[in-house]
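For reference, the structure is listed below as structure tokens.
Here, each number is a calculation from the coordinates, and none is a lab measurement. Please read all numbers here as calculations on a predicted model, not as lab measurements. Cβ sites come from the backbone with ideal geometry, for glycine too, and all protein chains shown count toward neighbours.
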Amino acid sequence: WHSWTPVRQRTRPAIVRGAGYHVWDDAGRRYLDATSSALNAVCGYGESRIEAAARTQAAQLHHFELSRFTHRPAAALAERLTGLLGGPLTRTVLVNSGSEAVEAAVRIAIDLWPLRGEPRSRVVTLERGYHGSTALCQSLSGLPHLANRYRDPIPVTRVPLPREGAALRTADGLERAFELIEQAVAEPHEDGPPAAVVLEPLLNVGGGIVLPPGLLARLRRLCDRTGALLILDEVFTGLGRTGAWFASQHEDVRPDLMVLSKGLNGGYAPIGAAVAAGHLAEDFAAEPVVGGLRYGHTTSGHAIACAAALATLDVIEEDGLVARSARHGADLLDALTAGATGPLVTDVRGRGLVVTVEMADADLAARLVQAATARRLLLRQQGRAVMAVPPLTIDETGVREIAESVAGALDDVRT
Ligand code: PMP
């Protein structure tokens with residue numbers, strides 16, 4: 001594990017205002033926010049319908065904890081999620097972040113095995129996956145900067161992805177990726193077969209890696225064969241980001257447990273959700289909203305956060321943001337494929353409104369982000385990957401501005 005590097009004190013500009021897909025800092029500079037504030041602001045800033053729903057809820061009942069009672073926004077949100085996710089996913093654990101939601105899903109999966117007469121505790125993940133920052137969540141990842149003293153509260157097998165870039169997206173890449181996961185599931189292990197396979201349909205912190213098409217469907221069948229539960233972490237990809245309500249729907253795959261957070265309420269309040277299939281949940285939950293201390297927290301399913309989530313889902317539906325994400329994402333990918341070229345760029349890839357320009361190294365990626373910031377465009381950096389993940393409300397003008405600023409910033413880096 002890595003020792004701490006002391007953080008150098010620096011003054012950062014404060015963001016003081018947001019409207020649409022722009023934010024302003026305290027010096028009055030306006031930026032196009034192609035980070036959606038760490039992918040929260042799916043509906044942009046100052047969305048009056050979400051704001052109004054949060055205010056109305058605050059005035060009526062700001063919150064009541066869910067261990068002995070339920071409340072209307074939580075119950076309505078659970079029902080709404082089941083409707084969107086389809087059939088089996090009927091039991092919702094509401095929490096306050098993506099990490100808590102992943103942790104709840106993994107613990108549910110492990111807790112259920114003894115009830116089936118076979119204790120299993122091992123979990124298979126992707127080495128370059130990211131699932132949050134609690135000790136358990138960091139242990140699911142093999143990203144070097146997340147290695148820590150609290151490693152492995154549960155046994156984890158981390159599968160290295162064979163290749164990055166365009167090669168991973170070929171039929172050969174699919175074959176190799178699947179083989180490696182299959183081997184990890186089947187490997188003789190002192191902790192036995194895995195309780196669950198946990199992965200993101202598109203790797204975020206791992207570098208905007210688009211998994212080979214067809215992989216999720218094959219993993220679903222592998223899990224059915226081996227009994228391992230399929231946990232999909234759609235904290236980053238869910239809620240329209242990849243041009244479908246959920247990225248797993250591109251392959252018509254339903255997990256046993258689905259994890260959501262970030263965009264779920266447009267970032268208006270902390271929220272996370274682990275939604276479990278009913279046939280599993282019978283063992284641990286009698287009602288659609290699962291409250292209480294076992295997987296929840298004092299402010300889990302916060303009423304204002306749930307009301308904001310319901311309004312966010314309405315906005316996504318009413319404004320057709322899922323289809324817009326697909327359309328504008330495809331346009332942005334085309335524009336960057338044409339405009340972000342040259343020896344410094346090693347790959348341009350994307351799905352929906354996750355468009356990644358991969359640079360030759362992390363230092364160049366940092367310089368590109370800096371140059372873009374100077375041009376008033378905020379981009380997200382993950383290692384060598386520079387990602388444009390604007391609010392789903394982005395329009396033609398915004399797409400053009402992002403593409404022009406990235407091309408300009410690449411020129412700045414080259415010279
Ligand atoms: N899973 C994924 C795929 C994520 O991208 C993130 C956040 N970057 C998390 C889990 C953790 O969410 P949070 O930061 O809200 O704890």
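To the nearest 500 deg cm²/dmol, what mean residue ellipticity at 222 nm is calculated for the chain from DSSP H runs of n ≥ 4 alone, each contributing -39,500 (n - 2.57), summed and divided by the residues? Numbers along the way, then the final one.
Numbers: 12 runs with 154 residues, N = 415.
The helix-only estimate for the chain comes to -11500 deg cm²/dmol at 222 nm.
Express in nm, to one decimal, how much length is gained between GLU396 and SER133 on full extension, taking 0.36 nm for each residue of separation and deducting their alpha carbon distance.
Numbers: separation 263, 0.36 × 263 = 94.68 nm, distance 3.56 nm.
Gain in length upon complete extension: 91.1 nm.
Distance in nm between label sites at GLU317 and THR346, each 7 Å beyond Cα in the beta-carbon direction?
Simple spin-label model gives 4.4 nm for this pair.
Which one of HIS302, HIS328, HIS145 has the biggest mean-square fluctuation once the chain is modelled by GNM with Cα springs under 10 Å?
Top of the fluctuation ranking is HIS145.
What FRET efficiency would be calculated for the residue pair ILE15, ARG375, taking the C-beta separation as r and a Förster radius of 30 Å, to the nearest 0.05? Could the numbers behind the result be given before it?
Numbers: r = 17 Å, r/R0 = 0.57.
Taking R0 as 30 Å, the efficiency between ILE15 and ARG375 is 0.95.
So if each residue of separation counts as 0.36 nm, and I subtract the Cα-Cα distance between ARG151 and ALA167, what length gain in nm does that give?
Taking ARG151 through ALA167 to full extension adds about 2.6 nm, to one decimal.
If you keep only loop residues by DSSP, which GluC sites (Glu not before Pro) in the range 160-223 have at most 13 other Cβ atoms within 10 Å of their Cβ?
GLU190
Quick one: if you stick a label point 7 Å off each Cα along the C-beta vector at ARG327 and ASP412, how many nm between them?
Distance between the two pseudo-spin positions: 3.1 nm.
Placing unit charges on C-beta atoms (Lys and Arg positive, Asp and Glu negative, everything else neutral), compute the dipole magnitude of the chain about its Cα centre in debye, rounded to 20.
Working: 42 positive and 47 negative charges, 154 e Å.
Here the size comes out at about 740 debye.
So what is the relative contact order for the chain, in percent, with contacts set as C-alpha pairs under 8 Å and at least six apart?
On the way: 898 pairs, mean separation 96.6, N = 415.
Once divided by the residue count of the chain, the mean separation gives 23 percent.
Could you check what % of the DSSP bridge pairs in the chain are antiparallel, to the nearest 5? Mind dumping the intermediate values first?
Working: 33 of 52 bridges.
Beta bridges within the chain, antiparallel portion: roughly 65 percent.
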